[in-house]
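K.L.:
Below is a structure I'd like to ask you about.
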Amino acid sequence: MNRVNNLYIQVSDYENICLAFIKAAKGKQNSKAVAAFKRSFDENIAKLQIQIRQQTLEVGEYHFFHIWDPKPRFICAAKFPERILHHAIMNICEPVLERYAIDDSYACRKYKGSRKAIDRAQQFARRFKWFLKLDIKKYFDSIDHAISLHLLNKRIKDKQILDLFSQILKTYHTRQGKGLPIGNLISQHLANFYLGYYDHWIKENRRIKGYLRYMDDFVLFGDHRSFLKNELAETQFFLNKELALEIKPNIQLNRCTHGIPFLGYRVFPNKILLSPRSKQRFHKKFRAYEAKWKTGRWTMDQLIAHMEPLIDFTRVAQAKEFRKTIIHRFGVSS
């Protein structure tokens, strides 16, 4: 695959920056930062274009906060001009990274997503007898900056773009030379791209026919337990040596008829159920949302707006009674 050049001039194109603004402002029209930018829109876009072209835009001024969904996560939010920059970069670079992706990689990609990953997992569960479910220990915190840049250099020839990626990577680290901030657009794409190296190795070198990945959650399939045990050893060695990653100890190797724990569901050859953990998390959220409504902090419309995404999540699974209970209790539309 040929390396791609002349990307930086496209990133700094006026129309591209305007498109990046629209994407960065989506869902945030009422924020002070967006309102302030819009008040002098033409001037701010022109200023941003100059800063990008002259490489003088400051990056890495993050606002940090915690969320619990379902475990604690440390989220980094860049300032609004930098978020526009991230979108401007990915408008141009995403197609380059997309050409490298295998078909069975499902995160951060158009026309893919978790629903299609679940459907594909079920297809493999019908085709193979055994599965091996793995995920990476502290994935975002463990991504190596030097390896990331090396992998990008294999796809991209444009030195200015590579320097910009390097500059952004240097703004955050969990330990020396490692870590991506959760919450940034570029972090999501780089994290997905990083394991693309493993995707190609497992498909092309190991010739595994049953394999899919959603970010750092991935599943291998086969007809024999011994075959997957061997692939586990090979995978552990490759990830550690080539990508400086470790697999979490909660490795799951079992028959497909026992159900594959994947993305909040349990995937069987003939059905899809909510995982027990998802049910617990949903009940906890429902109680918290109900409390906000009962104490007057939320209107009924706000309650329903928060409930509906959770209800939508359950529609993939055979969870009709669970949905009916919630819909009846809160009046959420079915």
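The values are calculated or read from the model by the stated rules, or taken from the named source; none is laboratory data. All figures in this text were calculated on a predicted structure; none of them were measured in a lab. Positions of Cβ are generated from backbone atoms using ideal geometry, with glycine treated the same way; all protein chains shown enter the neighbour counts.
K.L.:
Looking at this structure, is residue 102 over 22 Å from residue 7 (Cβ atoms) and in contact (Cβ under 8 Å) with a residue 40 or more places away in the chain?
P.N.:
Yes.
K.L.:
Can you go through 98, 82 and tell me which one is crowded, with 19+ Cβ neighbours inside 10 Å, of a type in the set (Asp, Glu) and not in a loop (DSSP other than H, G, I, E, B)?
P.N.:
Matching residue, one of 98, 82: 82.
K.L.:
Take residue 94 and decide whether it is at pLDDT 95 or above and of a type in the set (Asp, Glu).
P.N.:
yes
K.L.:
Within region 33-69, can you find the residues that are surrounded by 12 or more Cβ atoms within 10 Å (Cβ to Cβ), touching a helix residue (DSSP H, G or I) at 6+ places or on another chain (Cβ under 9 Å), aliphatic (A, V, I, L, M) and part of a helix (DSSP H, G or I)?
P.N.:
33, 34, 45, 46, 48, 52
K.L.:
Quick check on my filter: what residues within region 127-175 are aromatic (Phe, Trp, Tyr), under 30 Å from residue 270 (Cα atoms) and assigned to a loop (DSSP other than H, G, I, E, B)?
P.N.:
Listed by number, the list holds a single entry, 128.
K.L.:
Which numbered condition in (1) within 30 Å of residue 128 (Cβ to Cβ); (2) among the acidic types (Asp, Glu); (3) surrounded by 13 or more Cβ atoms within 10 Å (Cβ to Cβ) is the only one that residue 312 fails?
P.N.:
With (1) within 30 Å of residue 128 (Cβ to Cβ); (2) among the acidic types (Asp, Glu); (3) surrounded by 13 or more Cβ atoms within 10 Å (Cβ to Cβ) applied to residue 312, the lone miss is (3).
Conditions tested, residue by residue: (1) in contact with a His (Cβ under 8 Å, 6 or more places away or on another chain); (2) surrounded by fewer than 22 Cβ atoms within 10 Å (Cβ to Cβ).
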{"position": "179", "(1), (2)": "yes, yes"}
{"position": "182", "(1), (2)": "no, yes"}
{"position": "188", "(1), (2)": "no, yes"}
{"position": "196", "(1), (2)": "no, yes"}
{"position": "205", "(1), (2)": "no, yes"}
{"position": "209", "(1), (2)": "no, yes"}
{"position": "214", "(1), (2)": "no, no"}
{"position": "218", "(1), (2)": "no, no"}
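K.L.:
Among the residues of region 176-222, what is the count of those that are touching a helix residue (DSSP H, G or I) at 6+ places or on another chain (Cβ under 7 Å), in a loop (DSSP other than H, G, I, E, B) and not charged (D, E, K, R)?
P.N.:
Residues meeting the conditions: 7.
K.L.:
A further question follows. Let me spell it out: the conditions are (1) under 24 Å from the mean Cα position of the chain (by Cα); (2) more than 18 Å from residue 122 (Cα to Cα); (3) not assigned by TED's automatic domain parsing to the domain that holds residue 320, and residue 264 meets all of them except one. Which number is the exception?
P.N.:
(2) is the only condition that residue 264 fails.
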